[in-house]
1. Does Gly65 satisfy being under 26 Å from Glu490 (Cα atoms), open to solvent by less than 10 Å² (accessible area, probe 1.4 Å) and out of contact with any Asp or Glu (no Cβ under 6 Å at 6 or more places or on another chain)?
2. Where residues in region 200-228 are open to solvent by 10 Å² or more (accessible area, probe 1.4 Å) and part of a strand (DSSP E or B), which of them is farthest from Cys144 (Cα to Cα)?
3. Hey, among Lys215, Lys224, Lys194, which residue is at pLDDT 95 or above and either more than 24 Å from Leu87 (Cα to Cα) or out of contact with any Lys or Arg (no Cβ under 9 Å at 6 or more places or on another chain) (or both)?
4. Can you name the residue in region 261-270 that is surrounded by 13 or more Cβ atoms within 10 Å (Cβ to Cβ) and assigned to a loop (DSSP other than H, G, I, E, B) and, of all such residues, is farthest from the chain's Cα centre (by Cα)?
5. Contact list please: Cβ distance under 7 Å, first residue in region 33-53 and more than 13 Å from Leu94 (Cα to Cα), second residue aromatic (Phe, Trp, Tyr), pairs at least six apart or on different chains.
6. Of the residues in region 4-18, how many are surrounded by 17 or more Cβ atoms within 10 Å (Cβ to Cβ) and of a type outside the set (D, E, K, R)?
7. Going through region 299-315 one residue at a time, which ones are open to solvent by 40 Å² or more (accessible area, probe 1.4 Å), part of a loop (DSSP other than H, G, I, E, B) and either closer than 18 Å to Val262 by Cα or at pLDDT 95 or above (or both)?
8. Can you tell me which residue among His346, His285 is of a type outside the set (Asp, Glu) and crowded, with 20+ Cβ neighbours inside 10 Å?
Amino acid sequence: KAAMKSLRFVCAEALVSNAEFARRSLSSVAHNLFPLLFKASYLLERGEVIHDLVESWPLVELNVGKLLGKTADYQEDLSHRTCSVCLESCLTGLRDYVLHPPSPYLKRLKVVDLTGIKDVEVQFCECRKPMGRWARTQLLSKLCLELLLHTQGVQWGPGAAEISIDVLIDLFVTERNYELVVQALLTRRSCPLKIHCVALRADNLTLQKFFYIVKLTDPSLLRKLEVVHNVRLEMEHLQILFSSTRFPLLASLTLPARTFNVRRLTAADELVLSAIGEKLSEMTHLTELSMAFSILTGRIRKLLSPLKTPLKVLDVSNCSLNHADMAYLANSLHSNHLEVLDLSGHNIPDLYPATFFKLLSHSSSVLRSLILEECNIQDNHVNMLILGLSPCRKLQEFKFLGNPLSSEALKHLFRFFCELPMLKNVEFPVPRDCYPIGTTYPIDDANLCTFDRQKYDRVAEELKCILLQGNREGVKASTPLFGSYDAAIEETNNELGTYLMKSFKETLEKFTNSLKELSL
């Protein structure tokens, strides 16, 4: 259903649709109409008009997320359109705002906020070419350095030399753009555009480079830190980071796989773990924590009990939790506040069904997203699962890929899903009866695609019919075999693929050399 447009917005569209006329007319446009024209230009992908609007911006703030979000004149939220044409025009317009002499409007702009842009899988813009977080990081850094080079030795007119604009951005740094970002951050004081990192995602970096980029971003302002995949951060490194750097505003922390391995802890390691727990407790704004694919058996209490603020988001998927861990979670202060919970990779029905359902009961009034992938949920557990989910009236998302459930069990679950009033997204497994007899779970990657596709399509259609009959056609139901879409991975998969091939080659060479040494 198309969102309604006010008469003002329709007029704005009419103006910007004639790009040449709109650009000539900007000098006579009232200040308070610039936000309206910005959104209209973005909707119609008028890059040249967006450039000139930003270049002449007469207001103190330019908050892209707010400008593109729901407004009185046009309710549709455009902040998920990471249109390359529009965003590049916006950033180059910002550069030219600094470079060009004062316009009839005084140079009042002080803050540009790029943090409200959302990266999604499907782009609705005509160009279909997104500018992801990595590319935005790259372009802004490049423009800052261009400005610095251009302004060296330039004689500015009155007032122009005083231009100083804080640019709030979520940075995404990998090996490929590391040097460029470092240079932009090092020269921040001299540049009229001053990068302020609100969130940092680091991937494919050595530890030395990771520590340095964290230092350069000004950790005192950082609200979100994602350290993922190819940053080899282990427990002792995390303690060094927390001991040497304060993160007073940090609200969200994601750690890479294998950060923790508590299987062979020495007494010194136990002290390190306790120290990390204490440092986490000093982060009084921390409400989101992801520690997926670490081994945390029996140590959840040690890490989470020092926290003074209850967590709203917790990802402990594939962390080898035992009964004591689940009992702690079910009875902790966090249990009543969890809005997003990922317990994938744990054999919940066999190991701790009662404590899990106690945790679910405590979080049911606020829980929005529940992820239980590869949890060995079988047909005989479906009624118990329905009983546990029934109080979760705010549940918007349920993902349970990789569980050995039959077609009939899935149909039973989908009839129940019709009763969850806020449910929007379901990720369900390929039915067990679509795979060859004897297939064991969890299914490895080699056998993941060996199912009967025609039978799956028939079952998927039946499941969608159940939603349709229950007046829930708005619920998206899908089976992403290799996991949910991740915009950051999608954008940098070529670089990460090259890194993995290089690592594999190095490992193979070491193995070959070892064999040669043994044969001598």
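The values are calculated or read from the model by the stated rules, or taken from the named source; none is laboratory data. These numbers were taken from a predicted model, which means no experiment stands behind them. Cβ coordinates were reconstructed from backbone atoms using ideal geometry, including for glycine residues, and neighbour counts include every protein chain displayed. Each accessible area value is taken on the protein alone, full model and side chains, heavy atoms only, with ligands, DNA and RNA left out. Shrake-Rupley method; radii C 1.70, N 1.55, O 1.52, S 1.80 Å.
1. For Gly65, the condition - under 26 Å from Glu490 (Cα atoms), open to solvent by less than 10 Å² (accessible area, probe 1.4 Å) and out of contact with any Asp or Glu (no Cβ under 6 Å at 6 or more places or on another chain) - is not met.
2. Here the residue is Val228.
3. None of the other options fit; the residue is Lys215.
4. Leu265
5. Qualifying pairs under 7 Å: Phe34/Trp57; Leu36/Phe9; Lys39/Tyr74; Ala40/Phe9.
6. So the answer is 4.
7. Arg299, Ser305, Lys312
8. From the options His346, His285, the qualifying one is His346.
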